[in-house]
Structures are given as C-alpha cells and as structure tokens.
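The values are calculated or read from the model by the stated rules, or taken from the named source; none is laboratory data. Because the structure is a prediction, the values reported are computed rather than measured. Because the Cβ atoms are built from the backbone with ideal geometry, glycine has one as well, and the counts that use them run over all protein chains shown. With ligands, DNA and RNA removed, areas are computed over all heavy atoms of the protein, side chains included. Shrake-Rupley method; radii C 1.70, N 1.55, O 1.52, S 1.80 Å.
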Amino acid sequence: MNAKATALSFLCLALAGCASFEDELPESCVVIEEVKATPPNKVVIDTKMEVRSYPVISTFLERMSSASEDMKGFGASTVKSEVVAKESDEDREWKEFFARCCGATWPVGSSCTHVKQIGKLRVRNTPENLKLIDEFMDEVNARGVLLEVQTRFVRVAQKTLDEIGAELFPGKGAGYRYDLVEFDAVPAGELERRLASRRDLVENKVCRVTTRSGEEAVFKNVSEYIYPTDYDVHMSSYAPSGSNDWVRTGEYGFATVEPQSFTMREVGSILQVTPTMTDDGQVIDLELNTQVVAPPEWMDYGTQLPSAYGGTYALLMKQPFFPVVSPDAKLSVTPGETVLVGSGVSQGKADETEFIFVRTRKLAYDGRPAKSK
C-alpha cells in the first residue's frame, strides 16, 4: 500500500470510529472537508467550518420542546448528516430540530452540543448553515428577548413650564401662562427630553426594570415608615413621672397613650409592571402600576386634658397622610417610543405640574439592544 492510500485509510477509520480524532484538532481546524496528499505522506485538511455559541435559556428550551412535539408525525428525519462519530441522543435531537425548522444540513465534521453547565449551544458547521441557524435563532428569540421598562416622574414649577412653552410655542408674549393642554401637541419623547434637561425641576425620579416577556417585575427605591394604627389610653391616679404629688382619684387623673397595631408604608418610587410582547415583536403590552409616594403629613387625633396642677396637657395620637401619584394603566406601546402616561396639577400646589412618562425597549440576553426586524 502506498503512502497516499495509507493516509486515506487512516482518515476513513478515524472518521468511522475515533471520537477523539476531531477533539484533538484545534477549534479553528475541525473539519475534514477534503483530503489531499500533496506531497506524498502529508495529509492536508481543508478547514471550511466555524464554531459559534448561542445562549440557551429555559424559555428557548420550552419552545424547542414544543416545536419538536408539533413536528412529530410529519415523516422521517430530514437531518442530512454524514457524521459517523458517536453523538448523544440529545445532540441528534438538536440537529433534527434545526434541520426541520431552518433547513440546516450537517456534513461530515459538524456538531451541535448543548453545554448545560454554561447554558450554551455550541454549533460547528459551514458558514452557509450557520447563517440559516443565525437567522432562525434571531426570529425565535424575538419573543425571548428581555424587555426593559422605564418610567420618569417629573414635577415642574409653573415658571419652568412657561419657559419650556415659550421655546416650543414662541410668539405668545412675555408673561403668558401656558396651560397643560397646550403641550398635548408636543411628542412625548420631545417633552420628556426637554423636561429632563432642566436643572430646576422640583422632582425628577426615574425607575427602570428589565424582565422577560409576560413576567412581572418590581423596582423600589423607598424608605419604610412604620406607624401605629390604634392607640390605647391608660388613666392613672398619680402624677407624671418625676413628681411625688398624688392626684385625688376621681377628680383628676393622668392619662398615657400607648400605640398599638403597627403597620408599614413605603415612601419613594415604586414601579410594578408586566410587559408582554406580541407575536410579531412590534408591540409591547403593559400592565403598569407606578407610584410616587411622598413623605407623610401628620394629623393629630389626640385631645387636651386638664392637669392636676392647672392648665391642660395633650394626648398625642398622630396618624400619617401620604401624598401619592399613582397611574394604574394597561396600554400598548411600540418598543423605543416614549408615552405620556399621565399628567396633572400637583395636589395642593396649583403652581406645580406633574408628568409621568414610560418608555420600553427590547434587549438581547447579553443586555445589548435587540435587533429590530
């Protein structure tokens, strides 16, 4: 047997049963497309395959499993694979999945392995087949991308609002007071940009959260206020602490107040939202509940009692009142667009106006902006 025949025989045997043959090759040189013996006794490997990794999360596995079930019964396997090396049942299922869904073929030396430890699908194939897989993965992930939702709460003084109005609608003269309705003609994104650029805003609070489609997410930037909801009043027949003078029981008494039944209220910014992307990936449906809770104003429900030494003393029973701005809405928005969810004059402050904006966008699993279709 000459050297060329020996080399070819060795390669055929290796492809037929040596699983480690491919593994010993460098990653960039992994496929035997064509065997040449030039000069004699030297094997030349033509490398025309590439290796790519794709993120695999639970939602993608669910879609893959569902698609595989749907495709059962549509005939024999369409996997066009000449790989002879040993491979697991799962690897063959992945190849079957891509062959049916995007028409990818699996020539000699190709592979498709799910590395569960790192959540990656490692695919080795020709550039032409990888292009088919890339396009399919992009389309499948259209619903699997992460969704980012941002809200901005702005409270602005009338003076600032008039200055912005003069920039947007010039020619109305000095001292003109701009009404909230006049800003309806301004695109929400433009109005938010102009407001956010001001440094004289009364308040400017931003909440941002990222979640999967259909999953609720909550973001809080709050302080916890703990306060009593009930008080017990205790009457006693002696003077206040530090005094030895007894009070005549039945004529006067000294009362003390003991708070009971404590509860807690969060004060600050709260964003609670469930975003759901439509099948075509062009619209995001939002179930939105955002709150901006201001520090409480306290009201005393206590009373004045006569003192044994003349005069009166106070029984304090304070309860908090929390100013809240809270739009609760269901709406559909286009990714990347800004929407004005609500606006109005501040409670108890006629010279201040409040705006709440919401903006959404699609993110890939690595946090970068997702590709637009």
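Determine whether the range 135-154 contains at least one residue that is under 19 Å from Val325 (Cα atoms), touching a Gly at 6+ places or on another chain (Cβ under 9 Å) and at pLDDT 90 or above.
Filtering the range 135-154 down to residues under 19 Å from Val325 (Cα atoms) leaves 149-154.
Filter again for touching a Gly at 6+ places or on another chain (Cβ under 9 Å), leaving none.
No: zero hits.
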Practice item. At least 2 residues that are closer than 30 Å to Arg212 by Cα, of a type in the set (Asp, Glu) and at pLDDT 80 or above in each: list the strands (runs of 3 or more DSSP E) lying fully within the range 242-311 that qualify. Key: 284-293
Revision key, fill the gap. Reported set for the range 94-121 where residues are among the charged types (D, E, K, R), in contact with a Phe, Trp or Tyr (Cβ under 8 Å, 6 or more places away or on another chain) and under 13 Å from Ser53 (Cα atoms) is Lys120
Review point. Based on what the data block shows, is Arg155 in contact with a helix residue (DSSP H, G or I) (Cβ under 8 Å, 6 or more places away or on another chain), under 30 Å from Gln272 (Cβ atoms) and open to solvent by 20 Å² or more (accessible area, probe 1.4 Å)?
Key: no
Practice item. Scan the range 225-236 and report the pairs whose first residue is in contact (Cβ under 8 Å) with a residue 24 or more places away in the chain and surrounded by 14 or more Cβ atoms within 10 Å (Cβ to Cβ) and whose second residue is among the aromatic types (Phe, Trp, Tyr) and not in a strand (DSSP E or B), with Cβ atoms within less than 9 Å and a gap of 6+ or a chain change. Key: Tyr225/Phe322; Tyr231/Tyr301
Study note, to complete from the structure: Note on the range 93-114: residues without any contact (Cβ under 8 Å) to a residue 60 or more places away in the chain, closer than 16 Å to Val56 by Cβ and not in a helix (DSSP H, G or I) are Cys112, Thr113, His114
**Study point:** Val339 being touching a helix residue (DSSP H, G or I) at 6+ places or on another chain (Cβ under 6 Å), part of a strand (DSSP E or B) and either open to solvent by less than 70 Å² (accessible area, probe 1.4 Å) or not hydroxyl-bearing (Ser, Thr, Tyr) (or both)
**Key:** yes
Practice item. Mind listing just one residue for me: the one in the range 102-127 that is among the polar types (S, T, N, Q) and crowded, with 17+ Cβ neighbours inside 10 Å and, of those, nearest to Ser88 (Cα to Cα)? Key: Ser111
Study note, to complete from the structure: Output for Cβ contacts, cut-off 9 Å, separation at least six or different chains, first residue surrounded by fewer than 12 Cβ atoms within 10 Å (Cβ to Cβ) in the range 172-185, second modelled with pLDDT of 90 or more and outside any helix (DSSP H, G or I), reads Asp184/Leu340; Ala185/Phe169
Exercise for review: Hey, can you tell me all the residues within the range 115-127 that are among the β-branched types (Val, Ile, Thr) and either touching a helix residue (DSSP H, G or I) at 6+ places or on another chain (Cβ under 7 Å) or not in a strand (DSSP E or B) (or both)?
Suggested key: Ile118, Val123, Thr126
Exercise for review: Starting from residues that are β-branched (Val, Ile, Thr) and open to solvent by 30 Å² or more (accessible area, probe 1.4 Å), keep the ones in the range 280-315 and report whichever is farthest from Ala255 (Cα to Cα).
Suggested key: Val283
Exercise for review: Give the residues of the range 128-152 that are open to solvent by less than 40 Å² (accessible area, probe 1.4 Å), touching an Asp or Glu at 6+ places or on another chain (Cβ under 9 Å) and part of a loop (DSSP other than H, G, I, E, B), sorted by residue number.
Suggested key: Ala142
